[in-house]
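Have a look at the structure below, then the notes.
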Amino acid sequence: YSFCTLLDTSSGMQQVYTVTQAIAAFERDEYERRCQKAAARGEPEPGLVKASEEEHVKLYAGGGGVLPAINKMDKEGLGTLKACRRLALSSNAIDKIGPGLSLIPNLEILSLSRNKIKKLENLDLPNLKQLWLSYNFIDRLSGLDKLPSLEALYLSNNLIDKWGEIEKLHSLKNLTDLLLINNKIHTDIDKGTDETRAEYRLQLLLRLPQLTKIDGEPVQPEEREAAEERKTAGMM
């Protein structure tokens with residue numbers, strides 16, 4: 001049978017594939033995977049998989065994930081994931097973050113990397129600790145202010161080109177891990193030399209002094225000292 005709901009075959013409109021449909025595929029595929037694993041170990045057949053009871057729900061397309069790609073985050077599907085703490089929606093065709101994420105009360109890790117997202121919205125997630133958004137089309141960082149528990153934000157390979165956008169992250173007091181490589185604010189400064197790389201990291205620390213890791217590498221004491229000296233001197 002087809003996983004897709006075809007809007008209009010005559011007009012060539014895009015097929016819609018929702019979270020609800022992906023959940024059904026995830027339940028089936030995960031059950032089959034667990035059955036194979038149990039058989040290999042000589043263990044009894046496991047019970048049916050219910051996404052509503054799973055803490056880690058994997059709805060990514062390709063690479064052994066769910067196919068075809070999700071392009072609609074429907075509230076009905078997201079609202080069923082009551083036990084979910086880690087939700088993988090990476091490598092899909094999502095261009096709009098739907099409003100249903102707030103219906104997942106205990107969500108701590110959300111992956112939306114490798115989609116088509118341009119705008120950050122509907123992210124009212126008080127318990128979220130990690131947000132993965134690399135390889136999208138994001139150029140503005142408004143819309144993250146309702147993530148008070150956020151510790152890690154991964155935004156590599158987007159379109160961020162203004163330092164004012166980084167300053168919007170200042171209200172995220174728990175944010176300590178930031179990934180920004182291959183955004184314009186990174187490539188404009190870091191030209192591959194030790195000096196330019198140090199200046200790029202310094203600019204981030206001046207704006208977000210709470211960071212302990214930048215682009216996967218720990219912040220060193222001497223970097224923090226240099227940022228403090230620059231700040232004391234009133235230089236950016």
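The values are calculated or read from the model by the stated rules, or taken from the named source; none is laboratory data. What you see is a predicted model, and the numbers here were worked out from it, not measured in a lab. Every residue, glycine as well, gets a Cβ built from its backbone with ideal geometry; the counts of neighbours run over all protein chains shown. Ligands, DNA and RNA are stripped out before the accessible areas are found, and what is left, the full protein with its side chains, is counted by its heavy atoms. Shrake-Rupley method; radii C 1.70, N 1.55, O 1.52, S 1.80 Å.
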| request: Write out, first by first residue and then by second, each pair whose Cβ atoms fall under 6 Å of each other, whose residues are 6+ apart or on separate chains, and whose first residue, in segment 24-53, is closer than 23 Å to C84 by Cα and touching a residue at least 24 places away in the same chain (Cβ under 8 Å) while the second is assigned to a loop (DSSP other than H, G, I, E, B) and open to solvent by 50 Å² or more (accessible area, probe 1.4 Å). | output: S52/T80; S52/K82
| task | Go through segment 137-158 residue by residue and tally those that are closer than 13 Å to L120 by Cα and either open to solvent by 80 Å² or more (accessible area, probe 1.4 Å) or hydrophobic (A, V, I, L, M, F, W, C) (or both). | result | 10
| query | Considering segment 32-59 alone, what residues qualify as being of a type outside the set (K, R) and over 27 Å from E108 (Cα atoms)? | reply | C35, Q36, A38, A39, A40, G42, E43, P44, E45
| said: Please return the ranges of helices (runs of 4 or more DSSP H) entirely within segment 175-236 where 2 or more residues are more than 19 Å from I160 (Cβ to Cβ) and open to solvent by less than 80 Å² (accessible area, probe 1.4 Å). | reply: 221-232
| query | Within the set of pairs 6+ apart or on separate chains, which have a first residue in segment 213-230 that is on the phi > 0 side of the Ramachandran plot, a second that is assigned to a strand (DSSP E or B), and C-beta atoms under 7 Å apart? | reply | D215/L179; G216/L179
| request: Would you check if there is a residue in segment 117-124 being within 17 Å of L178 (Cα to Cα) and among the basic types (K, R)? | output: no
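Suppose we keep only residues that are outside any loop (DSSP other than H, G, I, E, B) and of a type in the set (D, E) within segment 159-174. Which one would you say is surrounded by the fewest Cβ atoms within 10 Å (Cβ to Cβ)? Quick ask: steps written out before the conclusion?
Initial filter on segment 159-174 (outside any loop (DSSP other than H, G, I, E, B)): 163-171.
Filter once more, keeping what is of a type in the set (D, E): 165, 167.
Numbers: E165: 17, E167: 13.
Filtering segment 159-174 for residues that are outside any loop (DSSP other than H, G, I, E, B) and of a type in the set (D, E), the one surrounded by the fewest Cβ atoms within 10 Å (Cβ to Cβ) comes out as E167.
Can you spot a residue in segment 75-82 that is hydroxyl-bearing (S, T, Y) and under 27 Å from D215 (Cβ atoms)? Can you show your working first?
Taking segment 75-82 and keeping what is hydroxyl-bearing (S, T, Y), we get 80.
Pick out the ones that are also under 27 Å from D215 (Cβ atoms) and you get none.
No, the conditions are met nowhere in segment 75-82.
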